[in-house]
Amino acid sequence: MRDDLQDLPVLLLSAARALVDDIDSGVRASGFTDLRPAHGFAFVRLSGTGATTTELAEHLEITKQAASQMADELIRKGYVERRPHPTDARARLLVLTEKGQACTRAADAAAARTLEPLAASLTPDQKATLRTALTRLATPGRIRPIW
């Protein structure tokens, strides 16, 4: 690897981890203390119209069994519920409850607070340059926990 790029992976991973940790801290400070960051990645997929267990597994890149266990846990905790699928009578749709939606709003607020110092420390041109560079580096699609 070129010397001028040697520290880039560590810097990117450290920034991503700091963002996840800060959002998790904000979610916990809002009273949602029974969740892990991995649940937030699931909430991203379940928000809106919901998802089947298979779709959740694909989003998180885990087995259907692991996704089913996560769904069962989130149902027990009151964040998710199962509903009939609107187009497939055999499938069940996982959707966020009001508690799950409230947690998502808390995570959004925590993310905004976390990004404020970054926004304040960069000029508009620097933000645009950073966004462009990260867009080139990032693979579009799923974002899933790796820790």
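The values are calculated or read from the model by the stated rules, or taken from the named source; none is laboratory data. These numbers come from a predicted model, not from an experiment. No Cβ is skipped: glycine too gets one built from the backbone with ideal geometry, and neighbour counts run over all protein chains shown. To get the accessible areas, we keep the full protein, side chains included, count just its heavy atoms, and leave off ligands, DNA and RNA. Shrake-Rupley method; radii C 1.70, N 1.55, O 1.52, S 1.80 Å.
Structure summary
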item	result
Angle in degrees between helix 124-137 and the longest Cα principal axis of the chain, rounded to the nearest 10	60
Helix 8-29 vs. the chain, principal-axis angle (Cα, 0 to 90°, nearest 10)	50
Candidate residues Leu56, Leu93: accessible-area rank, largest first, probe 1.4 Å	Leu93, Leu56
Within a Gaussian network of the chain (alpha carbon springs, distance under 10 Å), most fluctuating of Ile62, Ile75, Ile23	Ile62
0 to 90° range, to nearest 10: angle between helix 37-46 axis and the chain longest Cα axis	60
Low-density loop cleavage sites - GluC sites (Glu not before Pro) in the stretch 16-67, where at most 15 other Cβ are within 10 Å (DSSP)	Glu61
Sequence-distant lysines (8 or more away, or on other chains) whose Cα lies within less than 30 Å of Lys64	Lys77, Lys99
Cubic angstrom per residue, convex hull over Cα atoms of the chain	141
Contact order relative to length of the chain, as percent, for alpha carbon pairs under 8 angstrom and 6 or more apart	28
Point-to-point label distance, Asp7-Glu55, nm (Cα→Cβ direction, 7 Å offset)	4.3
Total charge dipole magnitude, the stretch 46-147, about the Cα centre, Cβ charges on Lys, Arg, Asp, Glu only, Debye to nearest 20	60
Sparse-neighbour loop sites [trypsin sites (Lys or Arg not before Pro); the stretch 40-102; at most 13 other C-beta within 10 Å; DSSP]	Arg90
Inter-site label distance for Arg90 and Ser14 at 7 Å from Cα along Cβ, in nm	5.1
Carbon plus sulfur fraction of accessible area for the chain, probe 1.4 Å, in percent	57
Along each principal axis, Cα extent of the stretch 76-141, largest first, Å	51, 25, 16
Kirkwood-Stokes translational diffusion coefficient of the stretch 35-119, alpha-carbon pairs, 10 °C, 1.306 mPa s, µm²/s	119
Length added when fully stretched, Gln126-Ala29, from 0.36 nm per residue minus Cα-Cα	31.8 nm
